[in-house]
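A.B. asks: Pasting a structure here, questions to come.
Only the coordinates and a few stated rules stand behind these numbers; no lab work does. Nothing here was measured: the structure is a model prediction, and the numbers come from that model. FYI the Cβ positions are ideal-geometry reconstructions off the backbone, even for glycines, and counts take in every protein chain you see.
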Amino acid sequence: MRKILTLFILAILISCNQKQAKNESYALADMEEEVIPVTRQTANTPPPPIDNIEKQEGIKKKIIKDGRLAILVSELEKTKSRIDVLVKNHGGYYANESFNNSDWQSSYNLKIRVPISNFGKLINDIETGDGEIQYKEIEARDVTDQFIDLETRLENKRNYLIRYNDLLKQAKNVNEILEIEEKIRGLEEEIESTTGRLKYLSDLVDYSTLDLTISKKKEFKYNPVNRDKFSERIKLSLSKGWYGFVDFLLFVIKIWPFWILVTLSFYFWRKLKKRRNKK
């Protein structure tokens, strides 16, 4: 009896130990499931490339510089020739050039494009010449964010285009081919548009714009308006009168249905009036 009781107690103790060990193993497994994904994710995620970090930290600012300048001079043509030389020496060019001549002043309106590195030098050289500055305005716009955004979009669209081209090679029917080709066409148009926008911004950044006005005041002189001779004016008046009469006559003929309606209305009115008078 004692042996049986002893065996029964040993069996219970062994069973409890196995159950406890099993629970401990489950707990360890749960802890591993919580730790391993984080560890694997950290291990599998590559560190950011050093080149990209250096690239982000060393981004060159994209600045668009524009200016407006007006100068009142005493010798207009001499100043214009001097500015022509300055623009050429600083590697610039005229995007637009116009000349205005009125009774009170003569002026040149010049739109100058010059490399941004020479923008300030050109303005200083212009100001050191003869003339009185009427107004001056310089504006600088930071478009770095626009450049980064456009370049990122362009890179993503090019990657998508590569993927769609790979899918096009694997297409199995006509519908898939047409659908993928439509996607490719849209991406190509977007890439072309984004590339054009980048080129436009790059041109604005590389070349600054200066709207320059040089003017010279003139002594006001009264210039009477030239008028035709009296005989010529009489001929013109007779001609206009005749044409006016012809136009009026044509208008009267043009509304002939109205005259018929008036005539019939007058006829019936007279007839009705006579009947009333007889009564």
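A.B. asks: Viscosity 1.306 mPa s, temperature 10 °C: Stokes-Einstein D of segment 157-260 from its Kirkwood Cα radius, in µm² per second?
C.D. replies: Details: Rh = 23.1 Å.
Taking Rh from Cα pairs, D becomes 69 µm²/s.
A.B. asks: Is there a pair in K65/K218; K65/K199; K80/K218; K60/K88; K65/K88 whose C-alpha atoms are over 22 Å apart, and which pairs would that be? Let's see the in-between values first.
C.D. replies: On the way: K65/K218 34 Å; K65/K199 16 Å; K80/K218 17 Å; K60/K88 28 Å; K65/K88 19 Å.
From K65/K218; K65/K199; K80/K218; K60/K88; K65/K88, over 22 Å: K65/K218; K60/K88.
A.B. asks: If you take every residue apart from G196 with its C-beta less than 12 Å away from the C-beta of G196, what net charge results, scoring Lys and Arg +1 and Asp and Glu -1? Let's see the in-between values first.
C.D. replies: Working: positive: R197, K199; negative: E189, E190, E192, D203.
Once positives and negatives cancel, what remains is -2.
A.B. asks: Work out, in µm²/s and without decimals, the Stokes-Einstein translational diffusion coefficient of segment 61-134 at 37 °C, 0.692 mPa s, Rh from Kirkwood over C-alpha pairs.
C.D. replies: Working: Rh = 13.2 Å.
It comes out at roughly 248 µm²/s.
A.B. asks: Something else: Note down the net charge around Y267, summing +1 for each Lys or Arg and -1 for each Asp or Glu among other residues with Cβ under 12 Å from its Cβ. Spell out each step's value before the answer.
C.D. replies: Numbers: positive: R270, K271, K273, K274; negative: none.
Surrounding charge for Y267 is +4.
A.B. asks: So if I place +1 on the C-beta of Lys and Arg and -1 on the C-beta of Asp and Glu, and nothing else carries charge, what would the dipole magnitude of segment 163-250 be about its Cα centre? I want it in debye, nearest 20.
C.D. replies: Details: 16 positive and 16 negative charges, 239 e Å.
That gives segment 163-250 a dipole magnitude of about 1140 debye.
A.B. asks: Once fully extended, how much extra length lies between L167 and I260, figured as 0.36 nm per residue of separation less the alpha-carbon to alpha-carbon distance?
C.D. replies: Details: separation 93, 0.36 × 93 = 33.48 nm, distance 7.96 nm.
Contour length minus the Cα-Cα distance gives 25.5 nm.
A.B. asks: Where the eigenvalues come from the Cα gyration tensor of segment 235-279, what are the semi-axes √(5λ) of the equivalent ellipsoid, largest first, in whole Å?
C.D. replies: Numbers: eigenvalues 326, 24, 3 Å².
Semi-axes from the Cα gyration tensor: 40, 11, 4 Å.
A.B. asks: If you wrap segment 100-191's Cα atoms in a convex hull and average its projection over all directions, what's the area in nm²?
C.D. replies: Details: hull surface 45.7 nm².
Averaged projected area of segment 100-191's Cα convex hull equals 11.4 nm².
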